[in-house]
Amino acid sequence: MKIDKSKEPAKLELRPGLEGVPVTQSSICDIDGIKGDLKYRGYSIAELAQKSSFLETTFLLIWGKLPTSKELREFEKEIQMHRRLSFRVRDMMKCFPESGHPMDALQSSAASLGLFYSRRATDNPKYIYDAVVRLIAKIPTMVAAFQLIRKGQDPIQPRDDLPYSANFLYMLTEKEPDPLEARVFDRCLILHAEHSLNASTFSARVTASTLTDPYAVIASAVGTLAGPLHGGANEDVIKMLEDIKSPDQAKNFLKAAIKNKQKIMGFGHREYKVKDPRATILQTFAEELFARFGKDEMYDIAKALEAEASPMLGPKGIFPNVDFYSGLVYRKLGIPKDLFTPIFAISRVAGWLAHWREQLSANRIFRPTQIYIGEGERTWKPLEDRSIN
Ligand code: CMC
């Protein structure tokens, strides 16, 4: 007989997907999903995206304050010095199947760092600082390295004269980017750097709460980010826009999708009941690039889809999220669509590390409970006594 403990008198309330359940306190990021407002450590995302750099924002997220110019210079220098990968990591990556997804390559490569830096001292500030520097520095190099390796080439070394984002685009494309491309890319990283307790950050905090090493924390978060309901949606948005083919097909696509209860990728959010502020900012980045380098017709399809979706999904609070327009920016930078989610990870590693540090500062292992609904006590039978069913 099946047991359903939810029907017992002292019943626990089940909240699927933990919707609305606070599981920690945090001072890193604040979202107002009704106003469409996002702040990192009290600073508005629009202001940071306009005035800050990704590494300055990373410093802010992880250490809770904007750096002085000396602190920023030192942090940038440290990151620059740790960008290279051990030849062993590169050789390991050469053994990955080139048809594999770059997110899987990134998860494996990030986890492998635990083999090289195996000391675990999560109560030591120097250990924490070194791990932060190493991860922020090496994750982009891993993404770029796999891109060249899967094309049958050797990864190229980082260039010490290039700042963080320009260097990543250089390692990826083998050419120095235009300053506008590098700046837009850096601003995209700022927008994606942190977003409170989303699935991958929760994953990072759960892993962190066991006091394991930070490479395992980041690898578990990368694995969680990869799914299409989370970071993987940015790749699926472009596939969906390719399928729609032209702006005048947007309405039919939408009607059919809604009828078939199919999700529109890049739409909807657990926290926002209005358009994600990051989606609006990403549109301005896309338009800046189009004004300089020429329009992408796919942008018209995206805008037509948003316009058609507004009366159909808007009343339910379903609007474009960060993943809806980001791929259009990356496409214009010449980046293949299966690298969109790894790029999200390059940026989000800043938020994950901020949460790792915060979790360690007041740690208690995550161990929620469940409502058991399985069988009651059963008696084991030998094989010959079991019926086919
Ligand atoms: N298209 C159509 N209907 C939707 C969508 C969508 N994209 N999102 C939610 N709904 C509907 C859903 O069908 C349900 O309707 P009903 O109440 O009639 O059954 C209702 O809205 C609630 O949906 P839910 O899936 O229970 O909402 P959730 O808070 O659990 O999920 C979400 C949030 C982001 C996973 C979801 O909106 C979704 O699957 N969106 C598409 C994938 C996507 O764009 N993901 C990126 C998320 S934002 C950035 C990131 O995390 O990477």
| said: Restricting to region 247-267, give me the number of residues that are of a type in the set (G, A, S) and either open to solvent by 20 Å² or more (accessible area, probe 1.4 Å) or assigned by TED's automatic domain parsing to the domain that holds I190 (or both). | reply: 1
| field | Criterion (more than 12 Å from L328 (Cα to Cα), of a type in the set (D, E, K, R) and buried (at least 21 other Cβ atoms within 10 Å of the Cβ)) met by exactly one of R270, R292, R278 | value | R278
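Residue-by-condition table, conditions (1) more than 20 Å from A286 (Cα to Cα); (2) touching a residue at least 24 places away in the same chain (Cβ under 8 Å):
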| position | (1), (2) |
| --- | --- |
| E13 | yes, no |
| G20 | yes, no |
| C29 | yes, yes |
| R41 | yes, yes |
| A49 | no, yes |
| S52 | no, yes |
| note | Subset of region 56-71, residues assigned to a helix (DSSP H, G or I), open to solvent by 30 Å² or more (accessible area, probe 1.4 Å) and within 22 Å of K39 (Cβ to Cβ), comes to E56, W63, E71
| task | Give region 192-220 a look and list any residue that's out of contact with any Gly (no Cβ under 9 Å at 6 or more places or on another chain) and either part of a helix (DSSP H, G or I) or of a type in the set (F, W, Y) (or both), or say none. | result | F202, R205, V206, T207, A208, V217, I218, S220
| message | If P102 meets every condition in (1) within 26 Å of G227 (Cβ to Cβ); (2) without any contact (Cβ under 8 Å) to a residue 12 or more places away in the chain; (3) open to solvent by less than 40 Å² (accessible area, probe 1.4 Å) apart from one, which number is that one? | response | (2)
| message | Being in a helix (DSSP H, G or I), open to solvent by 60 Å² or more (accessible area, probe 1.4 Å) and more than 16 Å from A345 (Cβ to Cβ) is the filter here; which residues of region 105-122 pass it? | response | L115, F116
| note | Scanning region 131-183 residue by residue, those closer than 18 Å to S53 by Cβ and of a type in the set (G, A, S) turn out to be A137, S165, A166, A182
| request: Among the residues of region 230-246, count how many are open to solvent by 80 Å² or more (accessible area, probe 1.4 Å) and within 12 Å of the ligand (Cβ to nearest atom). | output: 0
| Quick check: anything in region 358-366 open to solvent by 20 Å² or more (accessible area, probe 1.4 Å), within 23 Å of L191 (Cα to Cα) and part of a loop (DSSP other than H, G, I, E, B)? | no
| field | Condition check for I264: in contact with a Leu (Cβ under 9 Å, 6 or more places away or on another chain) and assigned to a loop (DSSP other than H, G, I, E, B) | value | yes
| task | Can you work out which of the residues in region 310-324 that are assigned to a helix (DSSP H, G or I) and surrounded by 22 or more Cβ atoms within 10 Å (Cβ to Cβ) is farthest from the ligand (Cβ to nearest atom)? | result | F324
| request: Would you mind stating whether L61 is in contact with a helix residue (DSSP H, G or I) (Cβ under 7 Å, 6 or more places away or on another chain) and free of Cβ contacts under 8 Å to residues at least 24 places away in the same chain? | output: no
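The values are calculated or read from the model by the stated rules, or taken from the named source; none is laboratory data. Being a predicted model, the structure only gives us computed values, none of them experimental. Quick reminder, even Gly has a Cβ in these numbers, built from the backbone with ideal geometry, and neighbours come from all protein chains shown. What goes into the accessible areas is simple: the full protein's heavy atoms, side chains included, and nothing from ligands, DNA or RNA. Shrake-Rupley method; radii C 1.70, N 1.55, O 1.52, S 1.80 Å.
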